[in-house]
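The block underneath contains the structure these notes are about, expressed in structure tokens.
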Amino acid sequence: MICPKCNENRAHRSRRSGFKDWVASLFLHIPYRCRACGARSYIFPHGETSMKLRTPEERRVIKLRRSLRSKKIKRELIGYGISSLILIAILYYFLQQRIPSE
């Protein structure tokens, strides 16, 4: 992660401690601390500024994870849809009215 204060690639996630960090976590901000200048900053991980502070390697990893996650969601939706259709077909078969033969 690139530090927003000194623009060095030395920032890392920091532990949450204290009331200020607790309030920031309510708004989904993650604390980062720079090893070079010691500055502490809060970054929203899904914002546009977050991607500007990422290194090119981190951007590639994030892009890969997002594509894998979207493929997984598509597979799950297709599986749930097919299983729902099968369940509807089984229920239709068992619940249809039988005409008694004479």
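Computed extension gain for SER83 through ARG54, at 0.36 nm per residue and net of the alpha carbon distance, reaches 6.4 nm. Taking 0.36 nm per residue of sequence separation and removing the Cα-Cα distance, the ILE62/LEU91 pair yields an extension gain of 6.1 nm.
With the convex hull drawn over the C-alpha atoms of the chain, the volume per residue is 142 Å³. Annotation for the range 21-95 versus the range 1-16: alpha-carbon center distance of 22 Å.
Summing charges over all other residues whose Cβ lies under 13 Å from the Cβ of CYS6, with Lys and Arg as +1 and Asp and Glu as -1, gives +4.
Given the rule -39500 (n - 2.57) for each run of at least 4 DSSP H residues, summed and divided by the residues of the chain, what is its mean residue ellipticity at 222 nm, to the nearest 500 deg cm²/dmol?
Using -39500 (n - 2.57) per qualifying helix, the result is -18000 deg cm²/dmol.
Placing unit charges on each Cβ (+1 for Lys and Arg, -1 for Asp and Glu) gives the chain a dipole about its Cα centre, and among LEU95, SER83, TRP22 the Cα reaching farthest toward its positive end belongs to TRP22. Based on Cα contacts under 8 Å between residues 6+ apart, the chain shows a relative contact order of 19 percent. If the cut-off is a Cα-Cα distance under 18 Å, which lysines reach LYS71, setting aside same-chain residues fewer than 8 apart in sequence? LYS71 reaches LYS63. Using the average count of surrounding beta-carbon atoms within 10 Å as a protection proxy, the listed peptides 77-84, 2-9, 35-42, 20-27 rank, highest first, as 2-9, 35-42, 20-27, 77-84.
Only the coordinates and a few stated rules stand behind these numbers; no lab work does. Predicted, not measured: the structure shown is a model, and the values here were computed from it. A quick note on method: Cβ atoms are made from the backbone with ideal geometry, for glycine too, and the neighbour counts reach across all protein chains shown.
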